[in-house]
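Visitor: Structure in structure tokens, see below.
The values are calculated or read from the model by the stated rules, or taken from the named source; none is laboratory data. All values reported here derive from a predicted model rather than from experimental measurement. In this analysis, Cβ positions are derived from the backbone assuming ideal geometry, glycine residues included, and neighbour counts consider all displayed protein chains. In case anyone asks, the SASA skips ligands and DNA or RNA and just uses the protein heavy atoms, side chains included. Shrake-Rupley method; radii C 1.70, N 1.55, O 1.52, S 1.80 Å.
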Amino acid sequence: MKIKALSIFQDLQNNGLYTFSAIQQWLLQFETEFTDLKYNWDCSNSECCYKYTGSCSCATKADAFLFLTLYHKLLEFSFYHKNEPYARNELLDYEKIKNDSYKSKKWVVRNEKIAGNDCFEFLMSYYSYAHNPEHLLVVDERLLGYNIFVDAKDFRHLILFLQTFDDLFWIQKIYPESDMLCAFE
């Protein structure tokens, strides 16, 4: 039986693109189903390792497993959006001080935790799939048979914030005494 949530999710795309708000609504709409399945579902194939590893080893995945995996990946992705307002404000601050190397360094130091730790994997995981990505690739076609792209405009401040931080921190190295930078070199 096809899980209704998978069908509804597929219908949310517009020209192969999802908006973050549509994903948020879908996550809220199916939160109870996710919780119920997460704690109560086991693959019916007795050869499957899902019960022990949490990963289905079946060649053809059950709809319940596809739903659980999709929901989890989208939930993980959605946590980054909470940083969008912060990134917007930090970009406004940076615009005022970008020509002052001392203040720029202080900006990098202030943002090292969020850009270097909390959001470090965001660009690599969702935006670095192509040379000039247009959108965010949240889930590739291996799960559902089609790619799930989210409109990059929904994360525009976070993307620019992380790109700015990466340039100052990793390329220009304006904070060379950073423990994180030293650990990577």
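Visitor: Taking Rg/Rh (Cα atoms, Kirkwood Rh) as the quantity of interest, determine which of (1) 1.06; (2) 1.02; (3) 1.37 was computed from the displayed structure.
Guide: Recomputing Rg/Rh (Cα atoms, Kirkwood Rh) here gives the entry labelled (1).
Visitor: I've got another one for you. Which whole-Hz couplings ³J(HN,Hα) result when phi for each residue of region 22-27 is put into the Karplus expression 6.51 cos²θ - 1.76 cosθ + 1.60, θ = phi - 60°, listed in order with x for Gly and Pro?
Guide: 5, 5, 4, 4, 5, 4
Visitor: Tell me which lysines have Cα within less than 20 Å of Lys61's Cα, excluding those fewer than 8 residues away on the same chain?
Guide: The qualifying lysines are Lys2, Lys4, Lys38, Lys51, Lys73.
Visitor: Give me the accessible area per residue for region 39-131, probe 1.4 Å, as a whole number in Å². Write out the running numbers ahead of the final one.
Guide: On the way: 5850 Å² over 93 residues.
Here the residues of region 39-131 average 63 Å² of exposed surface.
Visitor: While we're looking at this one, here's another question. For Gln25 and Asp93 in the same chain, what is the full-extension length gain: residue separation times 0.36 nm, less their Cα-Cα distance, in nm?
Guide: Working: separation 68, 0.36 × 68 = 24.48 nm, distance 3.16 nm.
Contour length minus the Cα-Cα distance gives 21.3 nm.
Visitor: With an 8 Å cut-off on Cα pairs and a minimum separation of 6 or more residues, tell me the relative contact order of region 18-127 in percent.
Guide: On the way: 38 pairs, mean separation 21.4, N = 110.
Relative CO of region 18-127 lands at 19 percent.
Visitor: Please determine, in degrees from 0 to 90 and to the nearest 10, the orientation of helix 156-166 with respect to the longest principal axis defined by the Cα atoms of the chain, where the helix direction is its Cα long axis.
Guide: Tilt relative to the chain: about 50 degrees.
Visitor: Right, next: List the chymotrypsin sites (Phe, Trp or Tyr not before Pro) within region 117-185 that DSSP assigns to loop and that have no more than 13 neighbouring Cβ atoms inside 10 Å.
Guide: Numbers: sites: Phe120, Phe122, Tyr126, Tyr127, Tyr129, Tyr146, Phe149, Phe155, Phe161, Phe165, Phe169, Trp170, Phe184; in loops: Tyr129, Tyr146.
Qualifying residues, ordered by number: Tyr146.
Visitor: Among Leu92, Leu75, Leu143, whose mean-square fluctuation peaks in a Gaussian network model of the chain (Cα, cutoff 10 Å)?
Guide: Result for the chain, Cα springs under 10 Å: Leu92 fluctuates most.
Visitor: Counting pairs of alpha carbon atoms under 8 Å apart in space and at least six apart in sequence, what relative contact order in percent does the chain give? Let's see the in-between values first.
Guide: Working: 149 pairs, mean separation 44.4, N = 185.
Computed value for the chain: 24 percent relative contact order.
Visitor: Same structure, new question: Taking the simple approach of a point 7 Å from Cα along Cα-to-Cβ for both Phe79 and Ala152, what is their distance in nm?
Guide: Roughly 2.4 nm, to one decimal.
Visitor: Taking the alpha-carbon centroid of each part, what is the distance from region 1-70 to region 129-185 in angstrom?
Guide: 26 Å
Visitor: In region 13-116, carbon and sulfur make up what percent of the accessible area (probe 1.4 Å)?
Guide: Values: 3210 of 6430 Å².
Roughly 50 percent of what the probe reaches on region 13-116 is carbon or sulfur.
Visitor: Now for a different question. Output ³J(HN,Hα) for region 37-48: one whole-Hz value per residue in order, computed from phi by the Karplus curve 6.51 cos²θ - 1.76 cosθ + 1.60 with θ = phi - 60°, and x for Gly and Pro.
Guide: In residue order, the calculated couplings are 5, 4, 9, 10, 9, 9, 5, 6, 6, 5, 7, 6 Hz.
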